[in-house]
Amino acid sequence: MPSDSTDFAISFTWGDLEPCNTGRPNIVDNPRFTLSGVPAGTAFIRFTLKDHDAPRYDHGGGMVAYSGQDAIAPGAFKYKSPCPPGGVHTYEWTATAMTDRGGGVLGTASATRQYPE
């Protein structure tokens, strides 16, 4: 049954990130994402990471082909790891469900965690 975009949700775990608190992130594999309620017609999901405590810093993200899976495993894309200088920051992953690589947004979902936890 197709999902309404309001049902779209994600969660994630940081996984086995190497500890980092220098403010100089490492290039690492994406965390494991769990997906639910992905909108019907989704062909790609774009993931972006935002640091709420340093919102101008670009951690990057990636685009993943979607074919009905309920999880995105580490290694689907690379990004700049969380690496708050001397403290804890709050990070938010946003997933954008898209009909194609160029746009066609069907819905968004986000999940927030602190690092380090």
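Assorted remarks:
- Residue check, G15 on the phi > 0 side of the Ramachandran plot, more than 12 Å from the chain's Cα centre (by Cα) and small (G, A, S): yes
- Of P39, P31, all but one fail to be more than 22 Å from C20 (Cα to Cα) and in contact with a strand residue (DSSP E or B) (Cβ under 8 Å, 6 or more places away or on another chain); the exception is P39.
- Looking only at region 92-106, and only at residues there that are more than 18 Å from A76 (Cβ to Cβ) and not acidic (D, E), the one that is least open to solvent (accessible area, probe 1.4 Å): G103
- Scanning region 18-56 for residues that are over 15 Å from the mean Cα position of the chain (by Cα) and touching a residue at least 12 places away in the same chain (Cβ under 8 Å) yields a total of 17.
- Test: residue in region 52-75 that is of a type in the set (D, E, K, R), under 23 Å from Q114 (Cα atoms) and open to solvent by less than 30 Å² (accessible area, probe 1.4 Å): no
- Counted residues, region 6-51 - those being modelled with pLDDT under 95, over 17 Å from Y91 (Cβ atoms) and either among the hydrophobic types (A, V, I, L, M, F, W, C) or crowded, with 18+ Cβ neighbours inside 10 Å (or both): 0
- Subset of region 76-91 (residues that are out of contact with any Pro (no Cβ under 8 Å at 6 or more places or on another chain), open to solvent by less than 40 Å² (accessible area, probe 1.4 Å) and under 9 Å from N30 (Cα atoms)): F77, Y79
The values are calculated or read from the model by the stated rules, or taken from the named source; none is laboratory data. The structure presented is a predicted model; accordingly, all values stated were derived computationally and were not measured. Don't worry about glycine lacking a Cβ; one is built from the backbone with ideal geometry, like all the others, and counts go over all protein chains shown. Remember, those area values only see protein heavy atoms, side chains included, never the ligands or the DNA or RNA. Shrake-Rupley method; radii C 1.70, N 1.55, O 1.52, S 1.80 Å.
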